[in-house]
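Peer 1: Please find one structure pasted underneath; my questions will follow.
The values are calculated or read from the model by the stated rules, or taken from the named source; none is laboratory data. Keep in mind it's a predicted model, so treat the numbers as computed, not measured. All Cβ positions, even for glycine, are placed from backbone atoms using ideal geometry, and neighbour counts span all protein chains on display. Only protein heavy atoms, including side chains, enter the accessible area calculation; ligands, DNA and RNA are left aside. Shrake-Rupley method; radii C 1.70, N 1.55, O 1.52, S 1.80 Å.
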Amino acid sequence: MLDLNFVRDHLPEVEQGMRHRGMDPEELLGGFRELDARRRQAITNAENLKARRNRASEEVGKLKRSGQDATALMEETKSLREEGERQEKLAAELETELRGVMAQIPNLPLASVPVGNSEHDNVEVRRWGAPPEMKFAANPHWEIGEQLGILDLERAVKLSGARFAVYWDLGAKLERALANFMLDLHTREHGYTEVLPPYMVNSASMYGTGQLPKFAGDSFKCTDHDLWLVPTAEVPLTNLYRDETLEADRLPVSVTAYTPCFRSEAGSYGKDVRGIIRQHQFQKVELVKFSHPQKSQEDHEQLTRNAETVLQRLGLHYRVMLLCTADMGFSSAKTYDIEVWLPGQKLFREISSCSNFDSFQARRANIRFRSAGSKKSEFVHTLNGSGLAIGRTWLAILENYQQEDGSVVVPEALRSYMGVERIRAVER
């Protein structure tokens, strides 16, 4: 959430930021202006009525001390109090309504973010590695997984419906190996603390990271409970410090978690229907940092490099894309997408999205820091990124390490976790 005073004092800048995101500012900011004006007028009215009531009360006291009749003035005082209370109640109601409007205003892009209208305006920052050389026609992961007997989409439909998967034998073991490898890398070499959070969170947590109210339709809600299945570990990890004040010398705080992620993908039907690209349930290792505002851009670069290291250790060709204004997420101020090469589909696919939210999430979740000796606290900057999405890394390995005989070579970095060097077909 943006600061109320900032929006009020910098409306043209906020309007421009929304236009760069492809939004019509009048849809939200028109309501903001009206509500803010009415709220401020109600506050002014309440303060003026209170001042008049105080003066009248003093006069009542003087009349009583001099033995004069104060009945009429007492009635006026009562009327002023009642009208003042009505104005205070109106101001509170308008404050709630105004916060609802504020919650719909997206974050402003940083100056280094390219202005664009769609994903076609994203800017490639760098590439690593090269596509594997294959002397045969590369297959997509859904064919490889089925032929090896390690990916079972038909039985998943029987169990749960479309957009779910069952992994068998070395397919399941590969998933677990990837999670362990990533967690070990980030905790042992990159300085993150591992966390095992709940897989269900309350509405306050979803609001804090920006999933609510805008993206309620993309999440799974538990009936009769104020609980949501986590769409990403970003939500519980970021909310660990909700309504808390950290000491400045602790920053940055870096945490990581492996969790399932649940998304209804309400707006994505018809997209990526083959294989496991877009699932209702998938697993992911998440990276989250709580940073000092003066260091958050530097920490953002480091977090992105941490995610890239996973692909480098696995020998997977990828590119890093700087998202343009119209392609960024609602809460993000700057985002890098890491896209891995998939030879079976002959394209790059996003495998991690690394974002700097500056104080946007921290203001919603009230996460602050205080420097030593200072009485004043400030909002931290929050960062996060996938380190990585397990399912997409899984399928990238199948497509990049497939062999002409149908087997899949296990990347060297995973062999100690897998106990095998190659995945071969088994009957299921």
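Peer 1: Would you please list the contacts, defined by Cβ atoms under 8 Å and residues six or more apart or on different chains, that run from a residue in region 223-250 that is part of a helix (DSSP H, G or I) to a residue that is open to solvent by 60 Å² or more (accessible area, probe 1.4 Å) and among the small types (Gly, Ala, Ser)?
Peer 2: What qualifies is Ala248/Ala372; Asp249/Ala372.
Peer 1: Is one or more of the residues making up region 51-66 under 30 Å from Asn107 (Cα atoms), assigned to a helix (DSSP H, G or I) and among the β-branched types (Val, Ile, Thr)?
Peer 2: At the first step, the residues of region 51-66 found to be under 30 Å from Asn107 (Cα atoms) are none.
No, region 51-66 has no match at all.
Peer 1: In this structure, does Glu234 turn out to be of a type in the set (Asp, Glu), modelled with pLDDT of 95 or more and surrounded by fewer than 15 Cβ atoms within 10 Å (Cβ to Cβ)? Reasoning before the result, please.
Peer 2: Numbers: of a type in the set (Asp, Glu): yes; modelled with pLDDT of 95 or more: yes; surrounded by fewer than 15 Cβ atoms within 10 Å (Cβ to Cβ): no.
So Glu234 does not fit the description; no.
Peer 1: Please verify whether His300 is touching a strand residue (DSSP E or B) at 6+ places or on another chain (Cβ under 9 Å), modelled with pLDDT of 95 or more, under 29 Å from Gly161 (Cα atoms) and not aromatic (Phe, Trp, Tyr), treating the condition exactly as stated. If you could, list the steps in order and put the result at the bottom.
Peer 2: On the way: touching a strand residue (DSSP E or B) at 6+ places or on another chain (Cβ under 9 Å): yes; modelled with pLDDT of 95 or more: yes; under 29 Å from Gly161 (Cα atoms): no; not aromatic (Phe, Trp, Tyr): yes.
No: the conditions fail for His300.
Peer 1: For region 13-60, name all the residues that are in contact (Cβ under 8 Å) with a residue 60 or more places away in the chain, among the charged types (D, E, K, R) and closer than 30 Å to Gly116 by Cβ.
Peer 2: First pass over region 13-60, keeping only residues in contact (Cβ under 8 Å) with a residue 60 or more places away in the chain: 13-14, 17-18, 20-23, 28-29, 31-32, 35-36.
Okay, now just the ones that are also among the charged types (D, E, K, R), so 13, 21, 36.
Of everything in region 13-60, those that are in contact (Cβ under 8 Å) with a residue 60 or more places away in the chain, among the charged types (D, E, K, R) and closer than 30 Å to Gly116 by Cβ turn out to be Glu13, Arg21.
Peer 1: Test each condition in (1) assigned to a loop (DSSP other than H, G, I, E, B); (2) farther than 30 Å from His10 by Cα; (3) modelled with pLDDT of 95 or more for Arg126 and report the one that comes out false.
Peer 2: With respect to (1) assigned to a loop (DSSP other than H, G, I, E, B); (2) farther than 30 Å from His10 by Cα; (3) modelled with pLDDT of 95 or more, Arg126 is out only on (1).
Peer 1: Output the residue which, of all residues in region 382-405 that are outside any helix (DSSP H, G or I) and open to solvent by 30 Å² or more (accessible area, probe 1.4 Å), is nearest to Glu175 (Cα to Cα). Explain how you work it out, then say what you get.
Peer 2: Going residue by residue through region 382-405, those that are outside any helix (DSSP H, G or I) are 382-389, 401-405.
Filter once more, so that each one left must be open to solvent by 30 Å² or more (accessible area, probe 1.4 Å): 401, 403-405.
Working: Tyr401: 15, Gln403: 20, Glu404: 23, Asp405: 22 Å.
Once the filter is applied, the top-ranked residue is Tyr401.
Peer 1: For region 16-49, which positions are open to solvent by 30 Å² or more (accessible area, probe 1.4 Å) and acidic (Asp, Glu)?
Peer 2: Residues of region 16-49 open to solvent by 30 Å² or more (accessible area, probe 1.4 Å): 16, 19-20, 22-24, 26-28, 33-34, 37-41, 43-45, 47-48.
Passing the criteria: Asp24, Glu26, Glu27, Glu34, Glu47.
Peer 1: Okay, moving on. Would it be correct to say that Glu247 is open to solvent by 70 Å² or more (accessible area, probe 1.4 Å) and charged (D, E, K, R)? It would help to see each step written out before you state the result.
Peer 2: Values: open to solvent by 70 Å² or more (accessible area, probe 1.4 Å): yes; charged (D, E, K, R): yes.
Criteria met by Glu247.
Peer 1: I'd like the residue in region 255-274 that is out of contact with any Ser or Thr (no Cβ under 7 Å at 6 or more places or on another chain), open to solvent by less than 60 Å² (accessible area, probe 1.4 Å) and at pLDDT 95 or above and, out of all such residues, is nearest to Glu378 (Cα to Cα).
Peer 2: Result: Ala257.
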